[in-house]
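The values are calculated or read from the model by the stated rules, or taken from the named source; none is laboratory data. As the structure is a prediction and not an experimental result, all values here were calculated from the model. FYI the Cβ positions are ideal-geometry reconstructions off the backbone, even for glycines, and counts take in every protein chain you see.
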Amino acid sequence: MIKMSSKIIIAIAISVIVTAGIMYVMDTDKQPQIVQTPNPEIIYVSKISEYFEGTNEIKKISSQQELQNILEASSSGGRSFDPMVFRNFADGSGIFETVESTGMPVPSVEPMPTDGVSKLESGGTDYSTTNVQVANVDEPDYLKNDSKYVYIVSQNTLSIIDAYPAENAKSILKIALDVESQHIQNMFLKDDRLVIFYNGQSDDEIIPQFDFVPRRSYSSVTHALIVDVSDKKNPTILKDYSIDGHFRDARMIGDYAYFVTNSNVDRQYPRLPAIMEGSVRIMTPEAFYFDNVEQFSNFNTLTAINIFDNTINSETFLMGYTGSFYVSKDNFYLTYQQNMPYGFYENSSRDRFFDVIVPLLPKNIQDKIKTIENSEWESASSQWNTISELMQKSYNEMNKNDKEVLFDKIKSALNEYDRKIQEDTRKTIIHKISIDEDKIEYVAKGTVPGILLNQFAMDENGDRFRVATTTEIYTQYEGTVRSNAVYVLDEQLEIVGELEEIAPEESIFSARFMGDRLYLVTFQQIDPFFVIDLSSDTPKILGELKIPGFSNYLHPYDEEHVIGVGRDTKEIGDGRVQQLGIKIALFNVADVSNPKVVDDIVIGDSSTQSEALYNHKAFFFDKSREVLSIPISGDTESLDSASSKMFAPEYNRWSGFYVFDLNKSDGINTKGTVTHSDSDSRYYGMNNARTFYIENVLYTASQGYLKMNSFDELEEINSIKLEKTGKFIEYFEVEESPIQLEAVSEPDMMP
């Protein structure tokens with residue numbers, strides 16, 4: 001099902017340009033980039049074939065042959081494709097890839113139980129789960145918990161821990177999945193069902209052009225395992241779906257898991273993505289492309305599966321490589337940085353010279369250059385040598401003042417030209433897809449200037465979609481120019497409001513939308529904290545606060561307070577800034593025109609690290625208990641915690657969790673620390689560090705341990721070692737069936 005708004009399209013030929021030698025500077029650690037778009041949106045299309053007429057509408061790919069034709073047309077005379085590629089699949093069947101998509105749910109061979117009611121054993125009534133952006137929209141993680149059990153996927157193993165009550169906590173099972181991936185990190189939990197995602201490789205073969213011997217084709221596939229864990233000691237794999245492409249991200253709403261896979265287009269042997277169950281192909285998703293020429297480099301496939309029955313549906317879109325996602329209860333937003341069409345930059349230097357520089361030269365020189373341009377030459381270099389000699393002779397005949405005036409005029413024109421080209425080409429593409437259980441419906445495509453920081457730079461509120469972007473432009477004679485903007489888009493992703501030129505020369509480091517407000521942190525030398533009003537389609541800055549440091553993540557406390565986690569900084573002269581320790585700040589935004597810092601605290605120095613700076617799932621805050629916890633790893637000499645010095649390993653590096661009492665009246669006070677360093681044997685880093693609670697017990701998890709401490713005094717109640725137990729793992733084969741994989745188990749051993 002398709003619906004899409006019409007847009008004003010300006011069809012133009014593909015001969016536009018960027019300066020040769022222009023550098024697009026981008027620090028991957030800081031994220032932002034570039035810039036603004038004219039209105040209406042310019043679509044860089046001339047009618048080059050029946051597939052690309054410049055309408056910018058979404059169109060269905062009806063067959064394998066049509067896919068090949070579309071790719072040939074989009075690459076404007078690129079590589080040719082072999083129209084007949086014979087493929088052998090794992091089930092032994094050889095078929096020609098001309099399967100048309102159905103887009104309909106296909107029943108599986110083995111029915112699954114349809115009872116989605118939880119059968120959890122008795123546990124606590126009050127517990128926390130994964131820190132997510134949107135309420136009731138779960139995000140995948142390597143650790144999931146309910147009121148009693150903790151489930152952990154690590155490398156290729158699944159561990160189940162009976163965690164409540166904490167005094168009796170023990171490992172129930174550590175099972176090794178017989179899968180290709182050794183880095184499983186994404187999982188959902190709903191009642192007695194797990195959905196485990198991992199990346200593998202396809203089993204198909206190809207016969208290369210003009211050859212006769214099949215050869216194995218290695219391409220990424222994403223597996224989605226649905227696991228029944230109602231029997232904790234004997235989990236059963238009910239479904240093993242595999243979808244072409246690398247796993248990108250996922251969300252879970254109710255009984256449905258939605259996930260995106262990204263598969264590179266093999267331009268020599270292109271084929272539509274497919275969905276398999278085991279070795280059986282169950283569907284080819286409906287496939288679509290867009291009627292404007294881009295570098296169509298990837299298939300992005302959105303799949304919906306009901307984890308309690310056989311329902312599955314999927315659609316795939318030929319587009320650029322997806323970046324950040326935002327998901328509400330009703331819509332899935334896929335974004336990526338715009339890719340210009342093939343050949344867009346090929347003649348950039350030439351066009352820049354003839355379109356900008358030549359018209360500013362003396363009239364007699366212009367005429368001679370045009371004559372040279374229109375004459376036949378043996379080579380481009382000989383043509384340019386003639387033009388160069390002519391210009392040099394002209395410059396030598398000018399007096400110094402006239403030449404300086406001319407050069408200044410040319411530099412100014414080039415700056416304007418280069419800026420305009422970058423504004424027109426450096427954008428973020430947003431695709432909106434509605435979701436309702438197994439129904440997937442493409443809605444609209446939109447474009448905003450600049451680059452998104454991450455998922456928190458986007459938000460849906462009613463019928464409006466809001467985004468915050470950083471623009472960064474580099475020109476040869478002006479250098480790098482940065483600014484930031486907020487855009488408001490309607491249901492069809494048309495821009496209906498904007499606030500531009502926010503914090504010039506800064507970059508967005510964190511953003512958090514909360515109802516009609518946006519809290520925005522930018523940084524270059526100091527930390528401007530902005531309060532932006534979004535109650536109408538005309539965003540406006542209500543207030544700002546400038547303090548040393550910056551926040552990488554913002555978390556709501558209540559309607560009048562926001563928590564920030566980032567780094568402290570200090571100026572060290574010559575415009576330079578030195579980063580210091582991890583900084584936690586509580587902002588009071590009750591007076592929107594005058595936001596204030598209620599309190600802040602700095603942990604360690606520049607050597608101190610925290611996963612909470614770049615992964616919101618490592619951040620824990622519970623307002624009812626007024627407790628905040630973040631993972632910390634740092635040199636013992638820089639940390640002021642007594643336990644960090646007492647339990648530090650011999651290499652003087654401590655890892656664990658800092659726990660704080662935090663409320664709007666008393667500010668931030670250190671409650672204590674939970675050590676995860678292993679002073680007896682080895683150092684465990686603090687990646688994949690998580691905090692949660694069940695009743696009055698604070699649970700902290702790292703690569704090495706799951707620890708249980710009381711909320712009151714952080715007294716240790718229990719501890720379970722998660723790695724390198726020194727015990728045997730007994731491998732045996734589970735009876736094979738269409739819905740169960742081989743596994744290894746140690747039912748009564750610690751993980």
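Overview of results
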item: Filter pass, Arg193 being surrounded by 18 or more Cβ atoms within 10 Å (Cβ to Cβ), more than 19 Å from the chain's Cα centre (by Cα) and among the basic types (Lys, Arg); result: yes
item: Any hit, the range 160-182, residues being outside any loop (DSSP other than H, G, I, E, B), farther than 29 Å from Tyr326 by Cβ and hydroxyl-bearing (Ser, Thr, Tyr); result: yes
item: Which listed residue is within 30 Å of Lys148 (Cα to Cα) and at pLDDT 90 or above, from Ile226, Ile282, Ile243; result: Ile226
item: Residue in the range 430-442 that is touching a residue at least 12 places away in the same chain (Cβ under 8 Å), within 30 Å of Leu534 (Cβ to Cβ) and among the small types (Gly, Ala, Ser) present; result: yes
item: Asn136 of a type outside the set (Asp, Glu), modelled with pLDDT of 85 or more, surrounded by fewer than 20 Cβ atoms within 10 Å (Cβ to Cβ) and more than 21 Å from Asp255 (Cβ to Cβ); result: no
item: The one condition in (1) over 15 Å from Tyr477 (Cα atoms); (2) part of a helix (DSSP H, G or I) that Glu376 fails to fulfil; result: (2)
item: Failed item in (1) within 23 Å of the chain's Cα centre (by Cα); (2) closer than 30 Å to Gly575 by Cβ; (3) touching a residue at least 40 places away in the same chain (Cβ under 8 Å), with Val448 passing the rest; result: (2)
item: Scope the range 448-469; condition among the β-branched types (Val, Ile, Thr) and modelled with pLDDT of 95 or more; matching residues; result: Val448, Val467, Thr469
item: Of residues in the range 427-473 being surrounded by fewer than 23 Cβ atoms within 10 Å (Cβ to Cβ) and of a type in the set (Phe, Trp, Tyr), the one farthest from Thr538 (Cα to Cα); result: Tyr442
item: Residue list for the range 398-413, restricted to those being part of a helix (DSSP H, G or I) and either at positive phi or surrounded by 10 or more Cβ atoms within 10 Å (Cβ to Cβ) (or both); result: Asp402, Lys403, Glu404, Val405, Leu406, Phe407, Asp408, Lys409, Ile410, Lys411, Ser412, Ala413
item: Residue list for the range 426-458, filter: closer than 30 Å to Phe308 by Cα and part of a strand (DSSP E or B); result: His431, Lys432, Ile433, Ser434, Ile435, Asp436, Lys439, Ile440, Glu441, Tyr442, Val443
item: Glu416 being part of a helix (DSSP H, G or I) and closer than 25 Å to Phe523 by Cα; result: no
item: Residue list for the range 573-605, filter: within 20 Å of Ser638 (Cα to Cα), in a strand (DSSP E or B) and more than 29 Å from the chain's Cα centre (by Cα); result: Asp600, Ile601
item: Cross-chain or 6+ apart pairs with Cβ under 9 Å, the range 552-576 first and at pLDDT below 95 and surrounded by fewer than 23 Cβ atoms within 10 Å (Cβ to Cβ), then in a strand (DSSP E or B) and among the acidic types (Asp, Glu); result: Thr569/Asp527
item: Residue satisfying all of: in the range 229-240; touching an Asp or Glu at 6+ places or on another chain (Cβ under 6 Å) and outside any loop (DSSP other than H, G, I, E, B); surrounded by the most Cβ atoms within 10 Å (Cβ to Cβ) among these; result: Leu238
item: Residue in the range 496-503 that is in contact with a helix residue (DSSP H, G or I) (Cβ under 8 Å, 6 or more places away or on another chain) and closer than 20 Å to Asn594 by Cα present; result: no
item: Residue that is modelled with the lowest pLDDT, among those in the range 474-503 that are among the polar types (S, T, N, Q) and surrounded by fewer than 20 Cβ atoms within 10 Å (Cβ to Cβ); result: Gln476
item: Those residues of the range 373-392 which are among the aliphatic types (A, V, I, L, M) and surrounded by fewer than 14 Cβ atoms within 10 Å (Cβ to Cβ), in sequence order; result: Ala380
item: Breaking point among (1) surrounded by 15 or more Cβ atoms within 10 Å (Cβ to Cβ); (2) at pLDDT below 50; (3) touching a strand residue (DSSP E or B) at 6+ places or on another chain (Cβ under 8 Å), for Asp141; result: (2)
item: Residue that is surrounded by the most Cβ atoms within 10 Å (Cβ to Cβ) [pool: residues in the range 267-296 that are part of a loop (DSSP other than H, G, I, E, B) and among the hydroxyl-bearing types (Ser, Thr, Tyr)]; result: Thr284
item: Val562 over 28 Å from Asn131 (Cα atoms), assigned to a strand (DSSP E or B), among the β-branched types (Val, Ile, Thr) and touching a Lys or Arg at 6+ places or on another chain (Cβ under 8 Å); result: no
item: Every residue from the range 685-717 that is basic (Lys, Arg) and within 24 Å of the chain's Cα centre (by Cα); result: Arg690
item: Qualifying residue in the range 332-346 (condition: hydroxyl-bearing (Ser, Thr, Tyr) and either touching a Leu at 6+ places or on another chain (Cβ under 9 Å) or at pLDDT 95 or above (or both)); result: yes
item: Leading residue by the ranking (surrounded by the most Cβ atoms within 10 Å (Cβ to Cβ)) among those in the range 506-545 that are of a type in the set (Gly, Ala, Ser) and under 20 Å from the mean Cα position of the chain (by Cα); result: Ala511
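Okay, residues lined up against (1) hydroxyl-bearing (Ser, Thr, Tyr); (2) in contact with a strand residue (DSSP E or B) (Cβ under 8 Å, 6 or more places away or on another chain); (3) at positive phi; (4) without any contact (Cβ under 8 Å) to a residue 40 or more places away in the chain:
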residue: Asp591; (1), (2), (3), (4): no, yes, no, no
residue: Val597; (1), (2), (3), (4): no, yes, no, no
residue: Gly604; (1), (2), (3), (4): no, yes, yes, yes
residue: Thr608; (1), (2), (3), (4): yes, yes, no, yes
residue: Leu613; (1), (2), (3), (4): no, yes, no, no
residue: Ala618; (1), (2), (3), (4): no, yes, no, no
residue: Phe621; (1), (2), (3), (4): no, yes, no, no
residue: Ser624; (1), (2), (3), (4): yes, no, no, yes
residue: Val627; (1), (2), (3), (4): no, yes, no, no
